[in-house]
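Below is one structure, written out as structure tokens; the observations come after it.
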Amino acid sequence: MATQDTIQIRPSRLSGTVQIVPSKSHLHRILICAAQGILKGDLKELLVSYSRTASEDVDVTFDCIEALGIQVSRNPFGILLRAGGACAETPILHCRESGSSLRFLLPVAATQTQSFRMTGKGRLPKRPMGLFAQVLGEKGLTFTKEGADFLPVHVQGTLKPGLYTLPGDISSQYISGLLMALPALSGRSEIRLTTRVQSAPYIEMTLETLKRFGVHWKGSVEEGYFTIDGPVSFSSPGEMKPEGDWSSGAFWVGARSLGAAIQVDGLDGESTQGDKAIVDLCARVGNGAILDVQHVPDLVPILAVVCAFSKGKTTLTGTARLRLKESDRVQSVKEMIENMGGVVTASEDSMVIEGQGTLRGGTVDSYGDHRIAMAAAIAGCFSKEGVTIVNPYVTDKSYPGFYQDLQNVGGEIYGSNLR
């Protein structure tokens, strides 16, 4: 078995300024809306500008829309999308480990081609998609394999307009994928949600992006339904610049709440990104606080670290869906905190963290989860003895420059394969 990379994060004082990376959530949506407009013939091209390296997950979406027939020209300042790319008779959309790319593009691809394949690697082929496949199957698609619960799949057919009924607690990414797909269909389509929505801010981000492209609908997240009369044209929003990423910025906000003198540039306090809630959540930890995290599951690793360094008990509720992330994030967060000397109790839909004011440090396996690795790195800076992270470079999935940024603000990082 090959030896995995490890790095050591030693206790250190953090101070300085971090220019935050572009939001991969926002970039996914911009790219897919632009692809829809270009493939429909509404747009000739779109420039998407950003000054920092995009994530591996965004690279997946680049590759997938290229496979559907979009020309993608990359440069250090962003990307230019144009029509005229090559599309195979049955394009292969390799989503690697990007759940966002899979869930957004599954219905979108079905509006552009009658046959395509989707595959992935890592934990992605183990993450269930059967319910969504069933909903799409009722609207003209067939999934060729022994069951459509998991990747890989061969999708055939033509997506049809009509009523799409979904539980609100299904991944918000599936709902967002439908919202970006349905404007391309000829006829009235309606999404009706049968239960309360989870991760609602991400659906709001999708709606805001569609609005920028001139796509309108009736309904709202609060009402639990959306109606789109298609086909709808995607108009040019002009040059697009993605927002700074609150999900990545959360690690620096967490560090700041622990005493670091860090300024984070590029975050918009008026953003629709739900993860801006990290500021309020960090201010409330400890002393018996009960925090609902069902709408912000990506904040839980760093929030758990802040809770462990606080004094008193913090209960995080709404954690059930964390088990279907890049790792079983309930178990990996629990083990991360325990391996550093903290105390965590996990149940089906909650976690209780006993804040002791400090953490000893220790060895943490990232479990292939970028947010576990980054949370452990921040914890290492404030721990008594430091933290060793196994498989640390999974951070490239969302934040390729994380460790460099950590060093730039005073983080002490050591390792034989440090990069």
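The values are calculated or read from the model by the stated rules, or taken from the named source; none is laboratory data. Predicted model only: the values in this text are computed from it and were never measured. A quick note on method: Cβ atoms are made from the backbone with ideal geometry, for glycine too, and the neighbour counts reach across all protein chains shown.
Descriptive notes on the structure:
- Residue match in segment 97-104 (condition: charged (D, E, K, R), over 24 Å from residue 245 (Cα atoms) and buried (at least 17 other Cβ atoms within 10 Å of the Cβ)): no
- Number of the condition not met by residue 281 [criteria: (1) assigned to a helix (DSSP H, G or I); (2) without any contact (Cβ under 8 Å) to a residue 12 or more places away in the chain]: (2)
- Residue 206 being part of a loop (DSSP other than H, G, I, E, B) and either in contact (Cβ under 8 Å) with a residue 24 or more places away in the chain or out of contact with any His (no Cβ under 9 Å at 6 or more places or on another chain) (or both): no
- Scan of segment 252-273 for residues that are in contact with a Ser or Thr (Cβ under 8 Å, 6 or more places away or on another chain) and more than 19 Å from residue 201 (Cα to Cα), ordered by number: 260, 261, 262, 263, 264, 265
- Meets criteria (more than 27 Å from residue 369 (Cβ to Cβ) and buried (at least 18 other Cβ atoms within 10 Å of the Cβ)) for residue 144: no
- In the set (1) out of contact with any Leu (no Cβ under 7 Å at 6 or more places or on another chain); (2) on the phi < 0 side of the Ramachandran plot, the condition left unmet by residue 41 is number (2).
- Some residue of segment 367-386 being farther than 15 Å from residue 250 by Cα, surrounded by fewer than 23 Cβ atoms within 10 Å (Cβ to Cβ) and within 16 Å of the chain's Cα centre (by Cα): yes
- Considering the conditions (1) over 18 Å from residue 200 (Cβ atoms); (2) touching a strand residue (DSSP E or B) at 6+ places or on another chain (Cβ under 7 Å); (3) not assigned by TED's automatic domain parsing to the domain that holds residue 366, residue 249 is excluded by exactly one of them, (3).
- Across segment 209-236, the qualifying residues are those that are hydroxyl-bearing (Ser, Thr, Tyr) and outside any loop (DSSP other than H, G, I, E, B), and the one among them that is surrounded by the fewest Cβ atoms within 10 Å (Cβ to Cβ) is 220.
- Members of segment 292-306 found to be crowded, with 21+ Cβ neighbours inside 10 Å and either more than 21 Å from residue 370 (Cα to Cα) or not β-branched (Val, Ile, Thr) (or both), listed by number: 297, 298, 299, 301, 303, 304
- When segment 56-108 is filtered for residues that are of a type outside the set (A, V, I, L, M, F, W, C) and in a helix (DSSP H, G or I), the ones remaining, listed by number, are 56, 57, 59, 61, 63, 66, 99, 100, 101, 103, 107.
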